[in-house]
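S.K.: Shown below is the structure under consideration.
Read the figures in this text as sums done on the coordinates, not as results from a lab. Keep in mind that this is a model prediction, so the values were computed, not measured. Every residue, glycine among them, receives a Cβ derived from its backbone with ideal geometry; neighbour counts consider all protein chains shown.
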Amino acid sequence: MPYVKFSQIYTAGELSLIPAGLYTVVVDQIEERRTQSGDALWRVGCRIQGGGGPALMGRRIFDNWVFSPKALPRIKLIASRFGLDVSSDREITPGDFLGKEIEVEVKTRRSVGGEERDENFVPYAGYKQATRQPGEEVAF
């Protein structure tokens with residue numbers, strides 16, 4: 001029979017916020033959806049690989065990338081930070097981002113709406129090209 005140390009496991013909904021800062025992440029999930037107005041929306045999941053110490057390794061950061069005319073400047077900025085050529089028109093796919101390493105800035109804010117609570121978010125220009133070389137150790 002499995003023995004579970006429940007006293008050492010966080011309760012659902014009690015996971016602490018990720019402290020504001022810059023983290024090295026790998027994009028490991030992109031869910032394709034649509035906004036209420038019909039624009040393409042990607043829900044992007046990134047797994048922390050470095051920064052913030054061992055306690056944050058493997059934690060997830062989520063962001064929404066909206067492909068509406070108003071939001072396309074941010075998509076262009078993000079694509080360029082991933083090293084994609086944005087000098088000419090092109091189709092982009094989740095494959096252009098999945099498995100790629102990048103640095104992501106994380107901030108916190110007080111959510112508005114039904115239940116007020118603190119939440120993490122990635123700011124408009126929160127993606128930075130990864131500064132470490134492939135295979136280089138992450139310093140904590």
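S.K.: Which order do the peptides 48-55, 24-31, 66-73, 86-93 take when ranked by the mean count of other beta-carbon atoms within 10 Å per residue, highest first?
M.R.: Sorting 48-55, 24-31, 66-73, 86-93 by mean packing, highest first, produces 24-31, 48-55, 66-73, 86-93.
S.K.: Normalise the Cα radius of gyration of the chain by 2.2 N^0.38 Å (N = residues in it) and let me know the number.
M.R.: 1.18
S.K.: Based on the Cβ-Cβ distance of residue 15 and residue 72, what FRET efficiency does E = 1/(1 + (r/R0)^6) give at R0 = 35 Å, to the nearest 0.05?
M.R.: Computed FRET efficiency for residue 15 and residue 72 comes out at 0.60.
S.K.: With r defined as the distance between the Cβ atoms of residue 110 and residue 64 and R0 fixed at 22 Å, what FRET efficiency is calculated, to the nearest 0.05?
M.R.: For R0 = 22 Å, the calculated efficiency reads 0.75.
S.K.: Based on DSSP H runs of at least 4 residues, each adding -39500 (n - 2.57), what is the mean residue ellipticity at 222 nm of the chain after dividing by all its residues, to the nearest 500 deg cm²/dmol?
M.R.: Working: 1 runs with 10 residues, N = 140.
One gets -2000 deg cm²/dmol as the mean residue ellipticity at 222 nm.
S.K.: Could you calculate the contour length gain from residue 5 to residue 87, that is, 0.36 nm times the residue separation minus the distance between their Cα atoms, to one decimal place in nm?
M.R.: 24.1 nm
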